[in-house]
Each structure stands twice: as structure tokens, then as C-alpha cells.
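Chemist: The structure under discussion is supplied below as C-alpha cells; questions concerning it will follow.
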Amino acid sequence: MENQLGVLNALDAAKTQWYHFTAIVIAGMGFFTDAYDLFSISLITKLLGRIYYFDAHSAKPGTLPPRIAAAVNGVAFCGTLAGQLFFGWLGDKLGRKRVYGLTLMLMVICSIASGLSFGKSPHGVMATLCFFRFWLGFGIGGDYPLSATIMSEYANKKTRGAFIAAVFAMQGFGILTGGIVALIVSAAFDHAYKALPYNVDREHSTAPQADYIWRIILMFGAIPALLTYYWRMKMPETARYTALVARNAKQAAADMSKVLQVDLNAEQEKVDKIGIEPSNSFGLFSKEFAKRHGLHLLGTTSTWFLLDIAFYSSNLFQKDIFSAIGWLPKAETMSATHEVYRVAKAQTLIALCGTVPGYWFTVAFIDHIGRFVIQLMGFFFMSVFMFALAIPYQHWKTHNAGFLIMYSLTFFFANFGPNATTFVVPAEIFPARLRSTCHGISAAAGKAGAIVGSFGFLYAAQSTHPDKVDKGYHTGIGVKNALLVLGAVNCLGMLFTLLVPEPKGRSLEEITGENEEDKGQQQASVGNVPV
């Protein structure tokens, strides 16, 4: 468009080159760390129960009481939700780069601190763990809007979707690495400190040294974050923030001249002119924002919320599935270290077969078939597989391999579907001065869904028979009915996807209308269906 700044045109038209891959790695390593930190807790909760809630009179190993389990698993989600809102807003106020290093240092410090604990009493250890997991989540939360916004503002318009999706896809490697680290650490301890199964020797089935296993696994999360800190600080601020928000054309041109290795002119007059246009002056709580982007924000928040209910609650069924297909023997037939090894092995296989491939299918196809189609297709197949697992649920109890395949396919289509697109789209469809904030709001809605999925279904999926309920829980609706509810949630996700526009192949300013000269030209909000 003729009103577009030369520096932004240069970014939109740039051929894929080395700095794109550097940006993917720098932003992606943050996401690698996020996933490692968030998902590694599920590898060690059984071990924490054995160490700190051991009861010599019980025929089964110690387990975390329901409230403690909910706090340990979910406190990081609460921190993430708060961090997404706070750092999303701060990223638009102070700039993406200035806030970027802060979130990373918070993650490094809290990863290390969560592996250290005060006192030896169960309450002391759990309280410390929950405190630092909350602040770890707070730092992780900041990474969502900042990484997505930085990548969208650096990318060219032709491959922007693939670049943002590639950053998000590093989550898959983070989950995989968590499993591998747990395998190595538990195998090493199992070899060095032999312990008998719980039903043979209750007192000595948990070696005293096992306390180091969970600490090492959690603290390892600081390493990848620390390695990328220097490179994050060297990245220049994005041209879109510098030009369209900070209104400094000279700095934007100088920064991108170095990045793109071409001479770019500073167009201060044009920047000033764009800055006073009505399309660039409305705020988040204005009627103009509601008119232009209200439905878009409803679409991005609702779809992310619904997806995360289904995505995170699906993780709850892992222990049932692993036990049913024989991947996890009964807890009392294993020692503590061996149990960590078996849980890590099972989760690593699921990540390898369903989680990681799904992410990279999105990267490969997002700029060809578009965000809208991938999101709609993902929700559709997640619904199909949830219903296919739920309706003949009794059948699957005796056909474990089939259940595992269906379960893996649910994860595959979550990742080759809405789990990736809900991250990509909010970084593209909102104006530069509100982009990080709106992405943070959308992501926070997702984490609210994760909290509902993790806690609500933890209780809801309990058996309807009082004698089959996990210790400390009340009766629920059962796994079959829980799966039916999740299938319905995915159907709702398909419905709300219709509110989200298709940004494929267009410049960010064309999508948001930031370079329009008068209101007659506005087309940014047209089309709540794909173009």
C-alpha cells in the first residue's frame, strides 16, 4: 500500500534469510523452556507423594493429597495467566525487547529456586515449591505475547505463519526434553542406589537420595533460558514498535538496515502522519476498537479458552491409559526411582508420536492452507476422536492399542490445529500498539481454560462408584462422560473459529488498517470468514 513505510515494506518483502532463523531460535528457546518447566511437574508428582506423604501402614505408596496435588500442578498456570496479562500490557508500553530479558531472568531464577526448598516438613517443601512455581509461571506468561509479537513483526508476509508456528513448535521439543532428562536422571539414580519395590520393602522402596531427582529435573529448566539471554539482549527492537508505537523512524530504519543489510530511509514525516490518523489513535476500551476488533478478540479468547480445556484435561487421562495398556505397572510393584523412569518413558513416547509431529505439520502447511482451515479442521478431528473414545468406552478397555492410537491422534490434531493457530493469529490481527496486550489477553483466556481443564476434570473424571474413586476425592461423572463433555467443548471451538479472520499472505498493517488514510478505506475488519 502506498502509505506503507519503506522499512516495513522491506520486512514484508524480505526473502527468508539467516536473521529469520536466528529470531526463531532466540524466541523459540524461550518456548522450549516454557514447555519444559510447565510439563516437567507431571513427571515428578508421584515421586513427591512417595517421599513426603509416605505411610508405612498403607498397602500403596504415598500420594499427594488432592488439594496439594492441585496446587503443585496448577499454581504455575495461575502465575502464567497473570504474567500474560501483565507482560502483554508492558510489552506495548515499554517495548518488546526491554521486557523480553526480564521474563527470561525470572524464569532462570525461579527454575533454580523451585528445586531448592526450605525445611524438611511436607508443608514447608510444598509451600516453597508452589511459591516459586507461581513466579516461574509469571515469567513464562510474559514469553507468550512477547515471543509471538516479536516473531510476527520480524517476519515477511509470505512465511509469517510458519515462523510464528515454528517458535511455538519448540514447545514440543521442550516436552520431549523433559521426558528425556527425567529418563536419564532416574535411570542413573536407579542404577546407583538400588531400591526394592514397595510391596517387598515399604520402608526402603524410596532411596533417601531420590529427593535429588525431582530437584535436578526442575532446575535443569534454567539452562536453555540462560543460554539464550545474551542473544535476546542483542536483538534490536522490532521496527513496527519503534516506528508505529514509539514513532522513531530514524531508529527503526537504522536497526533494520543492520538486520536486512540494505540501506533504508528514515521517513519521519510519514511516521508522524500515520500516528495522527484516526485508525491509529483509538484505545483498547474504545468504541472504535470494539467496532473494528471486538469480534476478533472474542474469537481469539474463546477459541483459546475452549482448546485449553480439552488439551490440558486430556493429559489427566494419561495415567489411566498408561496403566491400562501396561506401560505403567501398579505403583506398589515399583520402587520410587523406577516409577519416575516408567512415567517419563510413557510421556516421551506420546510426545514423540503425537505431540512433536503435529506442531511441525502446522509449520509446513499454515501458509499454504491458512490458519482458519487448520483451526477448524483441528477442532473437528479432536471432536471426532473424543466422541470415538467416549461412546464405545467399554470396548476400548479391552483394546488398549486402539485406544492409544486414538488418544495420540487427538494430540496430533490439537497441535496440527488450534493449539498452534490460537497462538499465531492474535499476533497478526491487532494493531501494533495493542498487539502484545491483545495477545496476552487471548493467551490468559487460554490459561483460564487450562485451569478449568486441569482442576475441573481432575474431579469430574473420577468414577461414579464411591469404591473406585482416588483417595481423597468425591465421586465424579466418570471418564466416559468427561470425554463426551470434551467432545462438545471442541464443537463449540469450531463455532467460535468463525469469528476469527484469515491473515494469510497480507502485511500486518493491511490486516489491522494502520496505514489507512481515511475511514473510507477501512477494510481491516471486513471478513470474519477467510479470504
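Chemist: Per-residue accessible area for residue 467 at 1.4 Å probe radius, Å² rounded to 10?
Modeler: The value for residue 467 is about 130 Å².
Chemist: Where the centre of each part is set by its Cα atoms, how far does the stretch 379-405 sit from the stretch 106-158, in angstrom?
Modeler: 34 Å
Chemist: Follow-up. In a shell of Cβ-Cβ distance under 13 Å around residue 447, excluding residue 447 itself, what net charge do Lys and Arg (+1) and Asp and Glu (-1) give?
Modeler: Neighbour charge sum, excluding residue 447 itself: -3.
Chemist: Also, quick follow-up: Could you calculate the FRET efficiency of residue 265 with residue 16 from 1/(1 + (r/R0)^6), where r is the beta carbon distance between them and R0 is 41 Å, rounded to 0.05? Can you show the working numbers first?
Modeler: Details: r = 24 Å, r/R0 = 0.58.
My answer for the efficiency is 0.95.
Chemist: What's log10 of I(q)/I(0) for the chain at q = 0.08, 0.12, 0.13 Å⁻¹, Debye sum over Cα points only, no solvent?
Modeler: Values, matching the q order: -0.52, -1.07, -1.22.
Chemist: If you average 1/r over every pair of different alpha-carbon atoms in the stretch 370-462 and take one over that average, what Kirkwood value in Å do you get?
Modeler: It is 15.1 Å.
Chemist: Per residue and in Å³, how big is the convex hull formed by the alpha-carbon atoms of the stretch 311-423?
Modeler: Numbers: hull volume 11.3 nm³, N = 113.
Output value, Cα hull per residue: 100 Å³.
Chemist: Kirkwood hydrodynamic radius for the stretch 1-154: how many Å is it when counted over pairs of different Cα atoms?
Modeler: Kirkwood radius, the stretch 1-154: 17.6 Å.
Chemist: A further question on this structure: Grab every C-alpha pair in the stretch 20-107, bin the distances at 5 angstrom width from 0 up to the longest one, and report whole percents.
Modeler: That works out to 3, 11, 16, 18, 14, 11, 9, 7, 5, 3, 2, 1, in percent per bin.
Chemist: Using only alpha carbon positions, build the gyration tensor of the stretch 196-348, then give the equivalent ellipsoid semi-axes as the square roots of 5 times its eigenvalues, largest first, whole angstrom.
Modeler: Output for the stretch 196-348: semi-axes of 54, 25, 12 Å.
Chemist: Follow-up. By how many degrees, 0 to 90 and rounded to 10, does the Cα axis of helix 371-390 deviate from the longest principal axis of the chain?
Modeler: Approximately 20 degrees, to the nearest ten.
Chemist: Here is a follow-up. Got the relative contact order for the chain handy, in percent, Cα pairs under 8 Å and 6 or more residues apart?
Modeler: Rounded, it is 23 percent for the chain.
Chemist: Something else: Where does the charge balance sit around residue 119 when Lys and Arg score +1, Asp and Glu -1, over other residues with C-beta under 15 Å from its C-beta?
Modeler: Overall, the nearby charge balance is +1.
Chemist: While we're on this one: In terms of modelled amide H atoms, which long-range or inter-chain residues lie less than 5 Å from the amide H of residue 193?
Modeler: none
Chemist: Between their Cα atoms, which of 250/273; 157/270; 158/291; 60/194 are more than 24 Å away from each other?
Modeler: Pairs exceeding the cut-off: 158/291.
Chemist: Which far-off residues, 5 or more places away or on another chain, put their amide H under 5 Å from the one on residue 159, with H placed in the peptide plane?
Modeler: none
Chemist: Shifting gears a bit: List every residue whose amide H lies under 5 Å from the amide H of residue 464, counting only residues 5 or more places away in sequence or on a different chain, with H placed 1.01 Å from N in the peptide plane.
Modeler: Here 476, 478 satisfy the definition.
Chemist: Given labels modelled 7 Å from the Cα in the Cβ direction, how far is it in nm from residue 287 to residue 394?
Modeler: Spacing of the two 7 Å Cα→Cβ label points: 6.1 nm.
Chemist: With the other protein chains left in place, how much accessible area per residue, in square angstrom, belongs to the stretch 232-382 at a 1.4 angstrom probe? Present the calculation step by step, with values, prior to reporting the outcome.
Modeler: Working: 6370 Å² over 151 residues.
About 42 Å² of surface per residue is accessible.
Chemist: Can you give the FRET efficiency to the nearest 0.05 for residue 128 and residue 67, using r as the Cβ-Cβ distance and R₀ = 22 Å?
Modeler: Values: r = 17 Å, r/R0 = 0.75.
Taking R0 as 22 Å, the efficiency between residue 128 and residue 67 is 0.85.
Chemist: Within the stretch 89-147, what whole-number % of the accessible surface is contributed by carbon and sulfur, with the 1.4 Å probe and all protein chains included in the calculation?
Modeler: Solvent-exposed carbon and sulfur of the stretch 89-147 make up 77 percent of the total.
Chemist: For the stretch 90-106, in order, what is each residue's ³J(HN,Hα) by Karplus, 6.51 cos²θ - 1.76 cosθ + 1.60 with θ = phi - 60°, in whole Hz (x at glycine and Pro)?
Modeler: 5, x, 7, 7, 9, x, 5, 5, 4, 8, 4, x, 5, 5, 5, 5, 4
Chemist: In whole Å, what is the distance between the alpha-carbon centres of the stretch 276-316 and the stretch 349-367?
Modeler: Comparing the Cα centres of the stretch 276-316 and the stretch 349-367, I get a distance of 25 Å.
Chemist: About its Cα centre, how strong a charge dipole does the stretch 1-147 have in debye, to the nearest 20, once Lys and Arg get +1 and Asp and Glu get -1 at the Cβ?
Modeler: I would put it at about 460 debye.
Chemist: Does the stretch 348-399 come out rounded, prolate or oblate, given a ≥ b ≥ c as the square roots of the eigenvalues of its C-alpha gyration tensor, rounded meaning a/c under 1.5 and, failing that, prolate meaning a/b above b/c?
Modeler: Cα axes put the stretch 348-399 in the oblate bin.
Chemist: Given a 1.4 Å probe and heavy atoms of the protein chains only, how would you sort 89, 327, largest accessible area at the top?
Modeler: Result of the area sort, largest leading: 89, 327.
The values are calculated or read from the model by the stated rules, or taken from the named source; none is laboratory data. The structure presented is a predicted model; accordingly, all values stated were derived computationally and were not measured. Every residue, glycine among them, receives a Cβ derived from its backbone with ideal geometry; neighbour counts consider all protein chains shown. With ligands, DNA and RNA removed, areas are computed over all heavy atoms of the protein, side chains included. Shrake-Rupley method; radii C 1.70, N 1.55, O 1.52, S 1.80 Å.
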